[in-house]
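A.B. asks: After the structure tokens below, expect a handful of questions from me.
The values are calculated or read from the model by the stated rules, or taken from the named source; none is laboratory data. Just so it is clear, the structure is predicted and the values come from calculations on it, not from any experiment. Neighbour counts run over all protein chains shown; Cβ positions are idealised from the backbone, glycine included. The protein model used for the area step is the full one, side chains on, heavy atoms only, and it has no ligands, DNA or RNA in it. Shrake-Rupley method; radii C 1.70, N 1.55, O 1.52, S 1.80 Å.
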Amino acid sequence: MEQYAIKGGNPLVGEVEIGGAKNAALAILAASIMTDETVLIENMPDVRDTNVMMQAMESIGAVIERIDRHTVKISGKAIRDLAIEDDYIKKIRASYYLLGALLGKYNKAQVTLPGGCNIGLRPIDQHIKGFRALGADVRIEHGLIIAEAEKLKGGHIYMDVVTVGATIDVMLAASMAEGQTIIENAAKEPHVVDVANFLNSMGASIKGAGTDVIRIKGVNRLHGTEYAIIPDQIEAGTFMFAAAVTKGDVTVKNVIPKHLESISAKLMEIGCEVEESDDAVRVVAAKPLTHTHVKTLPYPGFPTDMQPQITVALGLSKGTSIVTESIFENRFKYVDELTRMGASIKVEGNTAIIDGVSKYTGASISAPDLRAGAALVMAGLAAEGTTLIDDIKFIERGYEDFHLKLQGLGAQIEKVNSERELQKFRLKTG
Ligand code: UD1
């Protein structure tokens with residue numbers, strides 16, 4: 001089984017290129033099959049989730065050509081099947097985007113109920129409510145969500161919670177419905193805007209993405225396009241916090257600094273220097289870190305997908321910090337692993353109370369999910385001694401070449417596949 005072996009203690013120093021946003025890519029991939037013309041997508045991250053998504057699209061007849069590692073050409077012209085029961089797709093949450101895309105284009109879709117990271121109950125009631133408001137009949141049978149309509153008609157939807165997934169899913173279906181759809185209390189995340197921009201470049205008529213109210217005028221057909229996905233806010237944020245915990249100096253390149261503002265603000269609060277330029281952000285952690293409080297919120301608030309990373313940093317920050325998770329109810333499972341590395345954290349419901357310690361120490365731990373896995377790698381990079389991390393498949397769902405990018409910044413991290421490789425790593429790192 002593959003593991004990451006990490007010898008902690010090296011400050012991360014240098015520059016790292018950030019890839020395309022995974023969560024935008026997943027929705028854009030689904031949207032790309034809503035036209036019979038060819039779509040070219042650039043800045044596609046080469047991670048497990050996007051690859052699984054493409055595999056599922058191919059299973060129903062989409063033709064996908066990889067032009068290079070980060071560019072794909074997609075044709076949905078030959079789609080013959082509207083049922084996606086691919087075994088892999090269950091594992092990714094974003095499979096629900098195929099529901100919205102197929103429903104919009106063909107008025108019918110059938111997709112295995114989504115899985116994804118196990119970070120608490122993740123209902124899809126708002127997706128279903130939205131599709132029903134567009135006139136679809138939606139039912140769940142034998143583990144499948146089945147949505148169909150004679151004709152989709154625009155509707156008025158007020159989301160009961162701010163949800164990225166349902167906002168995008170309804171936007172997909174509504175872009176080919178008859179008439180106007182209004183989504184109120186819509187999510188404002190950068191990837192919602194990116195998907196709207198992508199659909200508009202295919203001829204959709206979507207206004208207001210990035211605000212609370214999105215207005216969509218349905219069109220009969222969408223056409224081909226060429227589009228580059230926005231940079232990944234969470235990948236960038238992870239490297240920024242990795243700089244903080246290792247007392248490093250890292251410049252994340254190819255980013256949109258505006259998308260990183262809530263992350264930069266917290267880094268400054270805990271004592272880092274953050275310098276922004278047009279498409280890069282530099283984080284310098286020259287002073288000891290100090291405590292702060294943070295609550296995860298929908299954009300432009302502090303992202304829930306950065307919660308484990310900031311917790312790892314606050315675990316090493318002087319004083320008592322409080323982290324409140326307000327999006328998912330079970331997102332502190334990694335704290336047990338962090339405790340084994342010496343952290344002093346008490347979790348009560350959706351709150352973690354953190355007493356900063358002066359150091360973490362290496363341990364054998366498991367990545368419980370994607371973002372927590374990346375956060376534990378960060379803890380290992382800061383820790384004294386060697387850390388071994390199992391279940392790195394979770395991390396590979398959303399980080400491309402994570403260990404290679406970290407190596408580029410001076411980290412001692414390797415992917416090892418056997419006891420022998422681990423011994424070699426131990427010998428090399430002393
Ligand atoms: C997406 C991201 C995930 C991120 C999350 C919040 C993808 C593939 N995943 O997940 O990385 O952590 O946004 O930024 O893009 N909810 C409902 N009913 C619904 C849908 C959601 O009650 O029908 C609730 C959820 O339980 C959660 C909140 O709304 O409490 C936000 O969920 P949502 O934004 O939809 O997250 P995901 O799309 O699952």
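A.B. asks: Taking the Cα centre of the chain as origin, sum charge times position over the Cβ atoms of Lys and Arg (+1) and Asp and Glu (-1), and report the length of that vector in debye to the nearest 20.
C.D. replies: I would put it at about 320 debye.
A.B. asks: Ranked highest first by average number of other Cβ atoms within 10 Å, how do 156-167, 228-239 line up?
C.D. replies: Highest-to-lowest ranking by the protection proxy: 228-239, 156-167.
A.B. asks: Can you pull the one-decimal nm distance between simple spin-label points at residue 69 and residue 336, each 7 Å off the Cα toward Cβ?
C.D. replies: In this crude label model, residue 69 to residue 336 measures out at 3.6 nm.
A.B. asks: What relative contact order, as a whole-number percentage, does the chain give when Cα pairs under 8 Å and 6 or more residues apart are counted?
C.D. replies: Over the chain, the number comes to 20 percent.
A.B. asks: A further question follows. Just add up the charged neighbours of residue 345: K/R +1, D/E -1, any other residue whose Cβ is under 10 Å from the Cβ of residue 345.
C.D. replies: -1
A.B. asks: Is the range 271-400 rounded, prolate or oblate when judged by the Cα gyration tensor, a ≥ b ≥ c being the square roots of its eigenvalues, rounded requiring a/c under 1.5 and prolate requiring a/b larger than b/c?
C.D. replies: rounded
A.B. asks: Also, I was wondering about something else. What are the ³J(HN,Hα) couplings of the range 257-263, residue after residue, when phi is run through the Karplus curve with 6.51, -1.76, 1.60 and θ = phi - 60°? Round to Hz, x for glycine and proline.
C.D. replies: x, 4, 5, 9, 4, 5, 6
A.B. asks: Name the most mobile residue of 64, 353, 140, meaning the one with the largest mean-square fluctuation, in a Gaussian network model of the chain with Cα contacts below 10 Å.
C.D. replies: 140
A.B. asks: Could you give the accessible area per residue of the range 181-268, probe 1.4 Å, as a whole number in Å²?
C.D. replies: On a per-residue basis, the range 181-268 sits at 33 Å².
A.B. asks: In addition: Multiply the residue gap between residue 346 and residue 17 by 0.36 nm, knock off their C-alpha separation, and tell me the result in nm, one decimal place.
C.D. replies: Length difference between fully extended and current span is 114.9 nm.
A.B. asks: What's the carbon and sulfur percent of the range 244-364's accessible surface, probe 1.4 angstrom, rounded to a whole number?
C.D. replies: Exposed carbon and sulfur together represent 51 percent of the surface.
A.B. asks: Residue by residue, what Karplus-based ³J(HN,Hα) values in Hz, rounded to whole numbers, does the range 360-377 have, using 6.51, -1.76 and 1.60 with θ = phi - 60° and x for Gly and Pro?
C.D. replies: With coefficients 6.51, -1.76 and 1.60, one gets 9, 10, x, 8, 8, 9, 10, 7, x, 7, 4, 6, 5, x, 5, 5, 5, 4 Hz.
A.B. asks: Okay, moving on. Tell me, what is the percent relative contact order of the range 61-113, built from C-alpha pairs under 8 Å that lie six or more residues apart?
C.D. replies: 30
A.B. asks: Which of the residue pairs 207/258; 287/393; 151/207 have a Cα-Cα distance greater than 25 Å in the structure shown?
C.D. replies: 287/393
A.B. asks: If you build the convex hull over the alpha carbons only and average its shadow over all orientations, what do you get for the chain? Give it in nm² to one decimal.
C.D. replies: 19.0
A.B. asks: At a Förster distance of 60 Å, what's the computed FRET efficiency of residue 268 paired with residue 81, Cβ-Cβ distance as r, to 0.05?
C.D. replies: So the FRET efficiency works out to roughly 0.75.
A.B. asks: On full extension of the chain, what length is gained from residue 221 through residue 185, given 0.36 nm per residue of separation minus the C-alpha to C-alpha distance?
C.D. replies: Working it through step by step, the gained length comes to 10.3 nm.
A.B. asks: As a test, work out the antiparallel percent of DSSP beta bridges whose residues both lie in the chain, rounded to the nearest 5.
C.D. replies: Antiparallel: roughly 70 percent of the beta bridges in the chain.
A.B. asks: How many nm is it between the label spots at residue 55 and residue 417, if each spot is 7 Å from the Cα in line with the beta carbon?
C.D. replies: For residue 55 paired with residue 417, the spin-label model returns 1.7 nm.
A.B. asks: Oh, and also: Where Lys and Arg each count +1 and Asp and Glu each count -1, what net charge lies around residue 383 among other residues with Cβ under 14 Å from its Cβ?
C.D. replies: Local charge sum for residue 383: +2.
A.B. asks: Among the lysines, which have Cα under 23 Å from the Cα of residue 73 when same-chain residues fewer than 8 positions away are ignored?
C.D. replies: Here the lysines satisfying the reach criterion relative to residue 73 are 22, 105.
A.B. asks: With a 1.4 Å probe and every protein chain kept in, tell me what percent of the accessible surface of the range 33-107 is carbon plus sulfur.
C.D. replies: The C+S portion of the solvent-accessible surface of the range 33-107 is 45 percent.
A.B. asks: Taking amide hydrogens as modeled 1.01 Å from N in the peptide plane, which residues meet the under 5 Å criterion relative to residue 187, leaving out close sequence neighbours?
C.D. replies: Distant-sequence amide H within range of residue 187: 163, 167.
A.B. asks: Can you work out ³J(HN,Hα) from phi for every residue in the range 161-177, in order, using Karplus 6.51 cos²θ - 1.76 cosθ + 1.60 and θ = phi - 60°, giving whole Hz and x for Gly and Pro?
C.D. replies: 3J(HN,Hα) across the range 161-177, in whole Hz: 10, 7, 10, 5, x, 5, 4, 5, 4, 5, 4, 4, 5, 5, 5, 10, 7.
A.B. asks: When Lys and Arg each count +1 and Asp and Glu each count -1, what net charge do the other residues less than 12 Å away from residue 294, Cβ to Cβ, add up to?
C.D. replies: 0
A.B. asks: May I ask you to list the residues of the range 310-333 whose amide nitrogen lies under 12 Å from a point 7 Å from Cα along the Cα→beta-carbon direction of residue 353?
C.D. replies: 320-323
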